[in-house]
Amino acid sequence: MAVSTAIINILNKAHRSGSAILHGECGNNGTIQLPQLSPPITLEPMEQALQEISGKYQNIYWRESRTSMVVADSAAQAKLLRVHIREFRVVEDREPDAVMAVLWREPEVISFMRHNNVRFARRATTANKAISPPMIISMKNATVSDILDRIAAGYHADPPKVWVYSECGDKKNMTIDVQMK
């Protein structure tokens, strides 16, 4: 099982929203291969499960806030997540991928990606289902990470949404993928 899948399952079992920020290896087909965990994998209690992952991968750590859990890989540069967006506003009645697509078209994100040789990983697209009521997000001077947290919080689901940022590459070229699970 991929570390990202385990983190999602752990947070889902704990009914917590959060994020996973991971570094992986670039695959030949433009995808990102993340570290794998071998069974048995503890999913509950949350603290014990996350401690086991940290024990197997010394570079993965976690921290908790009142509203979410962040699990991060110290090898991940995650510079895109620190990009500041002057103003982000979206009204969307489809799944999170549609809302995130609006984020990726923001001028600050496009400029960052162009100047840093960053590209998105190839992955299969999912069908967008209509949701009701529509997602409305309006934020000023927020980081990409803050906006992703707000998108995850906006989908009132049980279990709550978890976003996963994964990257591979070096200082010259970076491939990233961001998914809302």
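The values are calculated or read from the model by the stated rules, or taken from the named source; none is laboratory data. Just so we're clear, the structure is a prediction, and the values are computed from it rather than from any experiment. Cβ sites come from the backbone with ideal geometry, for glycine too, and all protein chains shown count toward neighbours.
Quick check: is even one residue across the stretch 94-107 in contact (Cβ under 8 Å) with a residue 60 or more places away in the chain and over 16 Å from the mean Cα position of the chain (by Cα)? No, every residue in the stretch 94-107 fails to be in contact (Cβ under 8 Å) with a residue 60 or more places away in the chain and over 16 Å from the mean Cα position of the chain (by Cα). Among residues of the stretch 1-27 being surrounded by 21 or more Cβ atoms within 10 Å (Cβ to Cβ) and free of Cβ contacts under 8 Å to residues at least 60 places away in the same chain, the one that is farthest from ALA153 (Cα to Cα) is VAL3.
The residues of the stretch 124-152 that are at pLDDT 85 or above and under 25 Å from HIS23 (Cβ atoms), listed by number, are ALA142, THR143, VAL144, SER145, ASP146, ILE147, LEU148, ASP149, ARG150, ILE151, ALA152.
Considering (1) over 17 Å from ALA142 (Cβ atoms); (2) at pLDDT 95 or above, the lone condition that SER111 does not fulfil carries the number (1). Considering GLU47, GLU25, the condition of being at pLDDT below 95 and under 17 Å from the mean Cα position of the chain (by Cα) is satisfied by GLU25 alone.
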